[in-house]
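For reference, the structure discussed in these notes is given below.
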Amino acid sequence: MKLTEIIAALGGELIGDDREVACLAPLAGAGEGEITFLANPKYRKDLDASGASCVIVREDMQAAAARDGRSLIIAANPYLYFARVAALLNPAPVAIGGVHASAVVDETACVAASAEIGANVVVGARAVVGERCRLLPGTVVGDDVTIGDDTTLYANVTVYHGCVIGARVGIHSGTVIGADGFGLAWDKDHWFKIPQTGRVLIEDDVEIGANTTIDRGALADTVIRRGAKIDNLVQIAHNCEIGEHTAIAGCTGIAGSTRVGARCTLGGAVMMVGHIEIADGTHIGGGTLVSKSIKKPDNYASSYPMSTAKEWMANAVHLRHLDALAGRVKSLEKRLAAEPASSTPQQGKEQ
Amino acid sequence: MKLTEIIAALGGELIGDDREVACLAPLAGAGEGEITFLANPKYRKDLDASGASCVIVREDMQAAAARDGRSLIIAANPYLYFARVAALLNPAPVAIGGVHASAVVDETACVAASAEIGANVVVGARAVVGERCRLLPGTVVGDDVTIGDDTTLYANVTVYHGCVIGARVGIHSGTVIGADGFGLAWDKDHWFKIPQTGRVLIEDDVEIGANTTIDRGALADTVIRRGAKIDNLVQIAHNCEIGEHTAIAGCTGIAGSTRVGARCTLGGAVMMVGHIEIADGTHIGGGTLVSKSIKKPDNYASSYPMSTAKEWMANAVHLRHLDALAGRVKSLEKRLAAEPASSTPQQGKEQ
Amino acid sequence: MKLTEIIAALGGELIGDDREVACLAPLAGAGEGEITFLANPKYRKDLDASGASCVIVREDMQAAAARDGRSLIIAANPYLYFARVAALLNPAPVAIGGVHASAVVDETACVAASAEIGANVVVGARAVVGERCRLLPGTVVGDDVTIGDDTTLYANVTVYHGCVIGARVGIHSGTVIGADGFGLAWDKDHWFKIPQTGRVLIEDDVEIGANTTIDRGALADTVIRRGAKIDNLVQIAHNCEIGEHTAIAGCTGIAGSTRVGARCTLGGAVMMVGHIEIADGTHIGGGTLVSKSIKKPDNYASSYPMSTAKEWMANAVHLRHLDALAGRVKSLEKRLAAEPASSTPQQGKEQ
């Protein structure tokens, strides 16, 4: 693809010759015929080493990035521009309409002729599969499931009965949508299972990673709002709601009935207790245990900083005696306060 | 279903008219023809807003819950009663006996005629599948597996060879029973894999969530005792034993050879080291790292409380110097002890 | 198998009669016809109770382990020797060459005649499957995937298009290789998905547990080096590299572009941030949050020690005021330093 074709499709300003680029590459490793980008000034040092035919940069980096034999594209957000180039050079696969001979589609299901139903896929009774959907091999869609247009379920996905999936959704392999929530009531000497009669509703433009689990609601529905992005191995329990355009990184777990607002970001391995609400625009660092509602959007964190095991052991032992230590400091303060100071006490700025 | 029919089936006392209810709903959102419950007094404020035809309450809430046009059911445990009503109104699907044409059942397998073997299910050699079992599409049952009566394996479950599953067990999609435990011996310059020759034994009335993994034993078996309930994305390593009626919430990991007692509850994202024992009746809070045996049943916890990233950074930095801080406090105490006090020292109650 | 046959195959010295052993057992529970081992002196007390026909021990334990009616094998590393005996007594299943009638193999795929393609397996276009591979039921191999000789993909594994898997690799059920990495660029009011055009490369002799996810690279590849061992429910994000012979225990998550060195061990539930490097030979304890690069191989840890919920609450509350507490201690020190000491101050060794 020629650089002028990219500019025609995506905007931006071309500095230098109109070169041909075939693929993308990281700045440091890029060679001829490759296009790359510089977004973070920290990687500026790689500009010399890069043999890329074109580098996408912000205007203020134009002078620094210019080299003989290299063109530049000036863009306000080089990272986003680069993502758009990547999408241009790597168009998503197109559905090849039709049902594979080995697939089992219930006769009452309604599958668009333009939808691709792969090998060994199973589609249940009264299920609806929209235009240009791709259901890759081994995926199982339960009874009464509805799937909007242009949605892809990768191989070996499972969608339980009655769930609703919007348009332009992507769900990666191994992910399970709509399994029973973990609802139990103690009955004298055993657990009584509470039937989970809600559904999972996934709105348009959601993407969900691999081996993630989103449970159906107990009474009401579990809801994933428009544009939310969820990574691998994430657990979303029954009756949760994930807000629009919220991004959730891998290994995160969210307990039942918790509502996460819109445009939040959750780092990896965040754990949220149930029945809380997180304000729109909240950002939570990786490994944080969220134990109560967050009303004010901000950056939140918890997590014990790593050290060598030897240092850790020396410090961690005191964690179990923090209350006593705080009490001892208080006693010292009281005792000193009771003594006539021999000179004007120096108050540390920390006090 | 009429309220008198519910009472006839489940007991309890009807206050008010015999109304018709079709489904269940949360207290606040319930409308006509719906039945709901009040278990936690904290939701008492929702009683006014609720348009439910019937509310299940404890006797002491009868007066507070009464409204015109609403009946009450008095029950000792409204939450459990509600669960039972849910089960009454939503009976579990019944197996439709027979093997789907696309399923592959080994000729030496013994499958009950009343069992439902779904599309693309695979059942291995000498496997035994009990009466009224449901094996949903895509599930793979290995050689020599035994499955008791009335057990459901949802879609895309995998059970490795030789495992034994009891009666009335439920295993949700994506869950893997009996993969090899993580057993390795270091051999000069590489890992030597230790064959995992044990099995997984799952007793009656166990329920297991989606995408959970329970590894086979190395020599002896991994055992899940009667009535245990395990949520999604839980890892149970080789040779563990989970006690009767113990409930384990999502994202929990239990390392090898650990024995969890009966009637324990583990919150989400609990991590247990291997080769320890947890006493019957122990309760462990979400996010707790359990690093040693627990002999006395109690509530246990660990986990750094969340704060804003700014506050967190200010505090967390001191965690790495706690040992030094404790030493400084001790030095101050010694120095003060060496000085003649100018007045009777005030001992804080914390000391 | 006779003990002399084991010695002939594996070396070591036989003390006592040449007995017949059929299987392995833990020391305490072993009976006649069973072989066991003593590696950890802590289990020495079980020597009396054991009825094993043969115990594998180090030379220095020979006298302690000798009993009437019991033979010994003297080995430098009894645990490794035991692992080798286990492999001898339990040879891995051999591929039964051929494609099951229900499998769907693309006509352009190249599958070795000696490879076993199980029921309902799907193999994509131009995929290559090596000699004596075993692809168990329900596994899906995408287009252009290459799999080396003697590799086993257990049931319901998913490998995305273009990934490369070496020889003698084992991948357990439910694991997903090559799903899209979590790459997003914020575009005014929504996330723009960055196409993930790299692959996953898995070198020879790697073993991967169940329900693990390894994402394809964004531009470059995600790489798992020779001999690495990865447990269940592990998340390895795009562009990571895991070094040779590194072992990663269950529930661990590694964020994007992180490089873990060779011969490292990661305990369970370790969480690593992205874009860091971990030195060869580093050992990281279970539950540790690794938030920066590790340049010096050592043992590393973090994690708040468990206590009863009551104790925990009393101590944890101070974590949020550690900065203030440290400041108060500093103030006390300054005040005392300003006073003329009434006697020679006693400096604690902690200071």
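The values are calculated or read from the model by the stated rules, or taken from the named source; none is laboratory data. Fair warning: this is a prediction, and the values are worked out from it, not measured in the lab. Using ideal geometry, Cβ is built from the backbone for each residue, glycine included, and neighbour counts are taken over all protein chains shown. Keep in mind that these areas ignore ligands, DNA and RNA; they rest on the heavy atoms of the full protein, side chains included. Shrake-Rupley method; radii C 1.70, N 1.55, O 1.52, S 1.80 Å.
In this structure, A:Glu311 does satisfy being over 22 Å from B:Leu233 (Cβ atoms), in contact with a helix residue (DSSP H, G or I) (Cβ under 9 Å, 6 or more places away or on another chain) and either open to solvent by 30 Å² or more (accessible area, probe 1.4 Å) or not in a loop (DSSP other than H, G, I, E, B) (or both).
Residue-by-condition table, conditions (1) over 19 Å from B:Thr252 (Cβ atoms); (2) more than 14 Å from chain C (Cβ to nearest Cβ):
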{"site": "A:Arg199", "(1), (2)": "yes, yes"}
{"site": "A:Lys229", "(1), (2)": "yes, no"}
{"site": "A:Ala237", "(1), (2)": "no, yes"}
{"site": "A:Val260", "(1), (2)": "yes, yes"}
{"site": "A:Met272", "(1), (2)": "no, yes"}
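Scanning region A:211-227 for residues that are out of contact with any Phe, Trp or Tyr (no Cβ under 8 Å at 6 or more places or on another chain), assigned to a loop (DSSP other than H, G, I, E, B) and in contact (Cβ under 8 Å) with a residue 24 or more places away in the chain turns up A:Asn211, A:Thr212, A:Gly217, A:Ala218, A:Arg225, A:Arg226. Of all residues in region B:287-307, those satisfying the criterion of being open to solvent by less than 60 Å² (accessible area, probe 1.4 Å), more than 8 Å from chain C (Cβ to nearest Cβ) and either at pLDDT below 90 or assigned to a loop (DSSP other than H, G, I, E, B) (or both) are B:Gly287, B:Ser293, B:Met306.
Filtering region A:173-189 down to residues that are outside any loop (DSSP other than H, G, I, E, B) and open to solvent by less than 60 Å² (accessible area, probe 1.4 Å), which residue is farthest from B:Ala87 (Cα to Cα)?
Within region A:173-189, the first condition is being outside any loop (DSSP other than H, G, I, E, B), and the residues that meet it are A:176-177, A:184-187.
Filter once more, so that each one left must be open to solvent by less than 60 Å² (accessible area, probe 1.4 Å): A:176-177, A:184-185, A:187.
Values: A:Val176: 23, A:Ile177: 22, A:Leu184: 12, A:Ala185: 12, A:Asp187: 14 Å.
By that ranking, first place goes to A:Val176.
Which of the residues belonging to region B:241-258 are more than 10 Å from every other protein chain (Cβ to nearest Cβ) and closer than 17 Å to B:Glu207 by Cα? Listed by number, the residues that qualify are B:Glu241, B:Ile242, B:Gly243. All but one of (1) more than 20 Å from C:Cys251 (Cα to Cα); (2) facing chain A (nearest Cβ under 10 Å) hold for B:Gly281; state the number of the condition that does not hold. Unmet for B:Gly281, out of (1) more than 20 Å from C:Cys251 (Cα to Cα); (2) facing chain A (nearest Cβ under 10 Å): (2). Annotation: A:Met61 fulfils all but one of (1) more than 20 Å from C:Ile194 (Cα to Cα); (2) open to solvent by less than 60 Å² (accessible area, probe 1.4 Å); (3) within 29 Å of the chain's Cα centre (by Cα); the unmet one is (3).
Can you find even one residue in region A:267-274 that is under 25 Å from the mean Cα position of the chain (by Cα), open to solvent by less than 50 Å² (accessible area, probe 1.4 Å) and modelled with pLDDT under 90? No, region A:267-274 contains no residue that is under 25 Å from the mean Cα position of the chain (by Cα), open to solvent by less than 50 Å² (accessible area, probe 1.4 Å) and modelled with pLDDT under 90.
For region C:322-329, check the following and say yes or no: at least one residue is open to solvent by 30 Å² or more (accessible area, probe 1.4 Å), within 30 Å of B:Asn299 (Cα to Cα) and assigned to a helix (DSSP H, G or I).
Among the residues of region C:322-329, at least one is open to solvent by 30 Å² or more (accessible area, probe 1.4 Å), within 30 Å of B:Asn299 (Cα to Cα) and assigned to a helix (DSSP H, G or I), which makes the answer yes.
One residue stands out in region A:146-172 among those that are of a type in the set (Ser, Thr, Tyr) and more than 27 Å from B:Ala25 (Cα to Cα): the one that is least open to solvent (accessible area, probe 1.4 Å), namely A:Thr151.
Restricting to region C:201-210, and then to whatever is closer than 19 Å to C:Val145 by Cα and part of a loop (DSSP other than H, G, I, E, B), can you tell me which residue is nearest to the other protein chains (Cβ to nearest Cβ)? Give the steps one after another, and end with the answer.
Here is the first cut: in region C:201-210, the residues closer than 19 Å to C:Val145 by Cα are C:201-208.
Checking which are part of a loop (DSSP other than H, G, I, E, B) leaves us with C:203-206.
Numbers: C:Glu203: 12, C:Asp204: 11, C:Asp205: 7, C:Val206: 10 Å.
Among them, the one singled out is C:Asp205.
Among the residues making up region B:77-113, those that are without any contact (Cβ under 8 Å) to a residue 60 or more places away in the chain, among the β-branched types (Val, Ile, Thr) and farther than 16 Å from B:Arg134 by Cβ are B:Val104, B:Thr108.
For (1) open to solvent by 50 Å² or more (accessible area, probe 1.4 Å); (2) touching a residue at least 60 places away in the same chain (Cβ under 8 Å); (3) under 31 Å from the mean Cα position of the chain (by Cα), each residue gets a yes or a no:
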residue: C:Leu3; (1), (2), (3): no, yes, no
residue: C:Cys23; (1), (2), (3): yes, yes, yes
residue: C:Lys42; (1), (2), (3): yes, no, yes
residue: C:Ser50; (1), (2), (3): no, no, yes
